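See below for the structure under consideration.
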Amino acid sequence: MKVQQLLVRALFGCVLVGASGAAMAGPELPSDSSCPLGVILNEAVNNLTVQGQDCLVQDAIIVGNVKVSNRPGEVFVLRDSIVNGRVRITGGAVSITGTEVITSNLVVKDTTEAVVRNTLVRVGNMRFEGNDYVLLISNTVGDGNIRCVKNILELAVENIIPNGVETCFGQ
């Protein structure tokens, strides 16, 4: 009963002062981004979709997923950031350093070059498939695997996978 009375008083107070429904609902999610200027620096975005362009993401928080579709010669860099969702990168070249993927997979396919260092995937897998060159150094997958499939050249060193396996050359 006390909770209901408090709720009614709070809503009544908002109506009296003219607070909008959005203000009463709490903070908004950040907006989606497509890396329009080629750089996302110290920002929070909901979902990140990059297509056919260079993009540097540094010190960012991605609340949702990251999806990159690039062509050879285009570079995607993800550095010192947090991603709460899935990371899927196809084509171009990619460098991921010091990033944390919290609840899903990191998948890199069909790139000319993929370098991933000091990156943590808490729950999920790292998967590298059909890339020309893959270099994995000092990454951690908390609950999942690191898989390399049909890459031309791959090297994985000093990765930690306490609850899974690694199928990349060099471990």
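Computed from the coordinates by the stated procedures, all read-outs in this text should not be read as laboratory data. All of these numbers come straight from a predicted model, not from anything done at the bench. Using ideal geometry, Cβ is built from the backbone for each residue, glycine included, and neighbour counts are taken over all protein chains shown.
Quick notes on this one:
- Between the amide H of residue 47 and those of 32, 33, 64, distances stay under 5 Å, these residues lying 5 or more places away or on another chain, with hydrogens modeled in the peptide plane.
- Residue-count net charge about residue 149 - beta-carbon cut-off 11 Å; Lys, Arg +1, Asp, Glu -1: +2
- Close amide H pairs (under 5 Å, H built 1.01 Å from N) link residue 40 with 56, 57, 58, residues at least 5 positions away or on another chain.
- Karplus (6.51, -1.76, 1.60) ³J(HN,Hα), θ = phi - 60°, over region 64-79, in Hz, Gly and Pro reported as x: x, 10, 10, 10, 10, 10, 10, 9, x, x, 9, 10, 10, 10, 10, 10
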